[in-house]
1. Of all residues in segment 48-72, count the ones that are assigned to a loop (DSSP other than H, G, I, E, B) and at negative phi.
2. Is one or more of the residues making up segment 155-177 crowded, with 21+ Cβ neighbours inside 10 Å and in a loop (DSSP other than H, G, I, E, B)?
3. Looking at segment 50-79, which of its residues are touching a Phe, Trp or Tyr at 6+ places or on another chain (Cβ under 8 Å) and either without any contact (Cβ under 8 Å) to a residue 24 or more places away in the chain or exposed (fewer than 13 other Cβ atoms within 10 Å of the Cβ) (or both)?
4. Could you pull out the residue among D291, D253 that is surrounded by 21 or more Cβ atoms within 10 Å (Cβ to Cβ) and acidic (D, E)?
5. Within segment 210-230, can you find the residues that are out of contact with any Ser or Thr (no Cβ under 8 Å at 6 or more places or on another chain), part of a loop (DSSP other than H, G, I, E, B) and not small (G, A, S)?
6. Of all residues in segment 178-209, count the ones that are in a loop (DSSP other than H, G, I, E, B) and within 25 Å of the chain's Cα centre (by Cα).
7. Might you let me know whether segment 26-40 holds any residue that is modelled with pLDDT of 95 or more, in the same structural domain as G270 (by TED's automatic domain parsing) and charged (D, E, K, R)?
8. Looking at S12, S24, which is the one that is assigned to a helix (DSSP H, G or I) and small (G, A, S)?
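The values are calculated or read from the model by the stated rules, or taken from the named source; none is laboratory data. Being a predicted model, the structure only gives us computed values, none of them experimental. Reconstructed Cβ throughout: ideal geometry from the backbone, glycine too, with neighbour counts over all protein chains shown.
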Amino acid sequence: MEGVSNVVIIGSGPAGLTAGIYCSRAGLEPVLYMGTKFGGQLMVTSDVENYPGYKDPIMGPELMEQMRAQAERVGTKLIQDDVTSVDFSIYPFVVKTPNEERRAMSVIIASGANPRRLGLESEMRLMGKGVSNCAVCDGFFFRGKKLAVVGGGDTAMEEATYLSKLASSVTVIHRRESLRASKILQKEAFEDPKIEFLFDSVVTEVLGDKRVDGLKIKNVKSGEETSMLFDGLFVAIGYDPNTEVFKGQLELDSNGYIIAKNETETGVPGVFVAGDVRDFRYRQAVTAAADGCKAALDSERFLKEPRQVSLLQA
């Protein structure tokens, strides 16, 4: 259809850029909206050692720049703009940004999720320098170190028990007097001799210049503030999927994640989803990239099926 894009991709992390690469190589001439913040969570990640194909560690931003360059080289049109609204009730679909409106025969949503922060200046200053949101991603770098995990839910317990296999000790810091995690995860953490707990406590400052060397911790009941030595801080207080513009357009779960069937298909034929915006379990660059590949292949199949497209146009 003249004046309409075959595929519009929303998001510029590993899922979105991989989708762009596959769609471009399939001759679909995809348009990818990067958002004003390019690259997703890897832009605040230091050494990446677990992405296949790199013999030596690579910095997160460098990895994303290489993905971006690859997507551009094969023909993906990259636009640094935020998608502000979509309309999936009409076909071709409508995707709007502050600067333009575009029609699309298919859409791949790869807008990701943002880890919740403590809201401390020192936390962001030392992000990737001892502060992390992902034990599986970064735990390897903290072997034999003294670590802290903030949080009291399932994610925090999973992070703590994972880190305890690598670290010399793990202290879980939680603002309430009891955990919210499932009983089985609590039991595993409580029975781990390397995990300690600080209840009714919050982190008020991350200490250190070039690297984390401690935390300032406040007891919320007594108001007493103390400093403790730590080599790293893992913030595990949840994620917020970037799905605000899709409310009322797609089915979301109770936490705001897009619900998918057959891995990439949403409830709207022709609209696909990839990466952390639907995946709240794995949250790895390699699984997001795999999702992007699947969404691109599914989008290509959809566009090749005249019956599906004609039903939407009717």
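1. Selection size over segment 48-72: 8.
2. The answer is yes, given that some residue of segment 155-177 is crowded, with 21+ Cβ neighbours inside 10 Å and in a loop (DSSP other than H, G, I, E, B).
3. I58
4. Only one candidate qualifies: D291.
5. Within segment 210-230, K210, R211, V212, D213, K221, E224, L229 qualify.
6. Residues flagged as in a loop (DSSP other than H, G, I, E, B) and within 25 Å of the chain's Cα centre (by Cα) within segment 178-209 amount to 4.
7. Yes, segment 26-40 has at least one match.
8. S24
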